[in-house]
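K.L.:
Structure in structure tokens, see below.
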Amino acid sequence: MPSLITAKQEKATISTIKKNYSIFANALLMAQNDNGELYTWGITKDADGLNLVCSNLKPYLKIIEDCGVGEKSDCAPGDNGKFKDLTGRKRTEDFSSSDYYSFRLNDGTAVAIQLKTKAECISSESSCMNFYIDTNGKKYPNTLGKDIFYFAGYGNGKLRAAGIDHSPSETGWAAQEGWFTTAWAMYKENLDYLRCPDKLEWNGKSTCK
């Protein structure tokens, strides 16, 4: 029975990842239609930049709770913004800090947006922002690769799942601490990197079975 519950939970997690990818990819597309390519928005890594970007995106998102920039932690991913990585270590990053704009979608997903610097977001191929999601809101485990994942938004408005082409069996996967698991969960449709990472290859074996 526990294994059946775990399988059901993981299926729900993967479904939420895919749903949110579609939501944010569409929001970026629509916002660009109105405001030009993302890298031309004048992005700055501060509260003004976050408010600018989110004001462009919010018309295309179904937000039920808007916590803004570091104003409160109620709707930030993790446990009031705090979370762990796959090694069990508590991270120093805080999704409720002034580096993030957080809100909660109508399906309960907690979201935090983080911007890159103006010098980093300079072209259509630049990585300009990250979308961090907590697939089950405040519920545990609040851990990277289990219920916390992220997507990267590029200057041309394209959205990419973190970890595309990364194999769990690669040297250094453990050191990545769960940051690059989103693409695996989304495209391989499993969280088997939690069970047998040494056996998995992006272009090879994709399950523990």
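What follows draws every value from the coordinates through simple rules; no lab data is involved. These numbers come from a predicted model, not from an experiment. Every residue, glycine among them, receives a Cβ derived from its backbone with ideal geometry; neighbour counts consider all protein chains shown.
K.L.:
Ordered by residue, what ³J(HN,Hα) values in Hz, to whole numbers, does region 83-88 give under the Karplus form 6.51 cos²θ - 1.76 cosθ + 1.60, where θ = phi - 60° and Gly and Pro are x?
P.N.:
Once θ is set to phi - 60°, the couplings for region 83-88 become 7, 10, 9, 5, 7, x Hz.
K.L.:
A follow-up question, please. Rounded to whole Å, give me the distance from the Cα center of region 1-55 to that of region 131-209.
P.N.:
Cα centres, region 1-55 to region 131-209: 15 Å.
K.L.:
Taking neighbour Cβ counts within 10 Å as the exposure measure, how do Met30, Met186 sort from fewest upward? Can you show the working numbers first?
P.N.:
On the way: Met30 16, Met186 19.
Going from least to most buried by this count: Met30, Met186.
K.L.:
Same structure, new question: Which cross-chain or sequence-distant (5 or more) residues have an amide H under 5 Å from the amide H of Gly137, H modelled 1.01 Å from N in plane?
P.N.:
Amide H to amide H, under 5 Å and 5 or more residues apart or across chains, Gly137 pairs with Ala110.
K.L.:
Between Cys54, Cys128, Cys196, which gets the highest mean-square fluctuation from a Gaussian network model of the chain, Cα cutoff 10 Å?
P.N.:
Cys196
K.L.:
Right, another one. So how do Ile64, Ile23, Ile17 line up by other beta-carbon neighbours within 10 Å, fewest first?
P.N.:
Details: Ile64 11, Ile23 20, Ile17 24.
Ordered by Cβ neighbours within 10 Å, fewest first: Ile64, Ile23, Ile17.
K.L.:
Report, in degrees rounded to the nearest 10, the 0 to 90 angle that the Cα long axis of helix 2-35 makes with the longest principal axis of the chain.
P.N.:
For helix 2-35, the angle is close to 20 degrees.
K.L.:
Given the rule -39500 (n - 2.57) for each run of at least 4 DSSP H residues, summed and divided by the residues of the chain, what is its mean residue ellipticity at 222 nm, to the nearest 500 deg cm²/dmol?
P.N.:
Details: 3 runs with 49 residues, N = 209.
Result for the chain, helices only: -8000 deg cm²/dmol.
K.L.:
Among Asp34, Asp165, Asp134, which one shows the biggest mean-square fluctuation in a GNM of the chain, springs joining Cα atoms closer than 10 Å?
P.N.:
Ranking Asp34, Asp165, Asp134 by mean-square fluctuation puts Asp34 first.
K.L.:
Give the angle, between 0 and 90 degrees and rounded to the nearest 10, that separates the Cα long axis of helix 47-57 from the longest principal axis of the Cα atoms of the chain.
P.N.:
For helix 47-57, the angle is close to 80 degrees.
K.L.:
At a 10 Å Cβ-Cβ cut-off, how would you order Tyr39, Tyr100, fewest neighbours first?
P.N.:
Working: Tyr39 21, Tyr100 24.
Least crowded to most crowded, the residues run Tyr39, Tyr100.
K.L.:
Per the Cauchy relation, a quarter of the hull surface: what is the mean projected area of the convex hull of the alpha carbons in the chain, in nm²?
P.N.:
On the way: hull surface 45.1 nm².
Hull-based average projected area comes out at 11.3 nm².
K.L.:
Between Lys139 and Thr92, what FRET efficiency follows from the Cβ-Cβ distance if R0 is 30 Å, with the result rounded to 0.05? Can you show the working numbers first?
P.N.:
Values: r = 22 Å, r/R0 = 0.74.
Efficiency computed from Cβ-Cβ geometry: 0.85.
K.L.:
Now a separate question. Using a 10 angstrom cutoff on alpha carbons, build the Gaussian network for the chain and name the most mobile of Asn26, Asn156, Asn35.
P.N.:
For the chain, modelled as a Gaussian network with Cα springs under 10 Å, the answer is Asn35.
K.L.:
Grab the Cα-Cα distance for Lys118 and Lys158, subtract it from 0.36 nm times how many residues apart they are, and report the gain in nm with one decimal.
P.N.:
Numbers: separation 40, 0.36 × 40 = 14.40 nm, distance 1.78 nm.
Result for the pair: 12.6 nm of gain on full extension.
K.L.:
Peptides 41-47, 141-147: what's the order by average Cβ count within 10 Å, highest mean first?
P.N.:
On the way: 41-47: 16.7, 141-147: 21.9.
Descending mean neighbour count gives 141-147, 41-47.
K.L.:
With each pseudo-label sitting 7 Å past Cα toward Cβ, what's the Ser169-Lys18 distance in nm, one decimal?
P.N.:
2.5
K.L.:
All other residues with a Cβ under 14 Å from the Cβ of Ala27 taken together, and with Lys, Arg as +1 and Asp, Glu as -1, what is their net charge?
P.N.:
Result for the local shell: +3.
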